[in-house]
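Each reported figure results from applying straightforward, stated rules to the coordinates on display, with no laboratory input. As the structure is a prediction and not an experimental result, all values here were calculated from the model. Ideal geometry is used to build each Cβ from the backbone, glycine not excepted, and the neighbour counts take in all protein chains shown.
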Amino acid sequence: MAEQLSKPEGDVGKDVAKMMNETNITMTKESIRILMLSDGEKILEIGHGNAGHLGYLLDFADNLHYTGLEISKTMKTEAESLNADFGNQSEFLLYDGQNLPFQDDSFDKIFTVNTIYFWENPLLFMNEIYRILKKGGKFVLTFAKKDFMKTLPFTDYHFNLYNNEDLEELVSKSSFRKMRISDKEEWIMGKTGKKVERKYTISIINK
């Protein structure tokens, strides 16, 4: 499960991606809302999964262009299939999980939801995001907090968990200098069939 959450592959990966999209949709929509999208902007999402939320994003402004970036070929193919109607406003690309394949100052807005746990070199990756973000651009980073994630059975494997202080330390070492943190909470259905409270962080990081 831990491996599928970090890199969904095959038919099982498609099922996991559908589950993740449903479970994380509130976090994703909140992240998109906080981007404050404007007409004509170029947006990058890192780790889009099946991108079942793309239609929601494109409704926020006119002439948006969305780029989705994934390490999973299965997710790239699934996202392209689910979002075929948005082909003129979107593209989906693969990358190696570390080096972002774009020129400097490429995007107005960048966001990612529940991917920070899997960054192999967080400081290097944060600086890569800084490099491709335009001056005055906004990066929204959303993640479930460490105390909640520690209650899940699969996070002992391949997950690096964060709280707000961990993120603040990471950002302070990066090229970014301006950050605002918003604490959120929601009730989601747990594996036992009972609702559990998930506390998560949305960080707004400006260049």
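Contour minus end-to-end for GLU120 and ASN206, with contour as 0.36 nm per residue of separation and end-to-end as the Cα-Cα distance?
Values: separation 86, 0.36 × 86 = 30.96 nm, distance 2.26 nm.
Using 0.36 nm per residue and subtracting the Cα-Cα distance, I get 28.7 nm.
Note on ASN99 and ASP59: their simple-model spin labels are 4.0 nm apart, each label 7 Å out from Cα toward Cβ. With contacts taken as Cα pairs under 8 Å and at least 6 residues apart, the chain reaches a relative contact order of 19 percent. Near the amide H of LEU44, within less than 5 Å, lie the amide hydrogens of THR67, LYS109, ILE110, PHE111, all on another chain or at least 5 residues away, with H placed in the peptide plane.
Which of rounded, prolate, oblate describes segment 77-126, given a ≥ b ≥ c as roots of the alpha-carbon gyration tensor eigenvalues and a/c under 1.5 marking rounded, otherwise prolate only if a/b is larger than b/c?
Since a/c reaches 1.5 and a/b is larger than b/c, the shape of segment 77-126 is classed as prolate.
Taking every DSSP bridge with both residues inside segment 2-206, close to 50 percent are antiparallel. Basic side chains Lys and Arg get +1 at the Cβ, acidic Asp and Glu get -1 at the Cβ, and with that the dipole of the chain about its Cα centre reaches some 580 debye. Only DSSP H runs of four or more residues enter the estimate; each adds -39500 (n - 2.57), and after division by the residues of the chain the mean residue ellipticity at 222 nm equals -10000 deg cm²/dmol. In this structure the amide hydrogen of LEU100, modeled in the peptide plane, comes within under 5 Å of no amide hydrogen from residues 5 or more places off or on another chain. Only one item in (1) 1.03; (2) 0.96; (3) 1.24 matches Cα Rg over 2.2 N^0.38 Å derived from the coordinates shown, and that item is (2). Counting every other Cβ atom within 10 Å of each residue's Cβ, THR74, THR142 order from fewest to most as THR74, THR142. For the residues LYS134, LYS150, LYS195, a GNM of the chain with alpha-carbon springs under 10 Å puts the largest fluctuation on LYS195.
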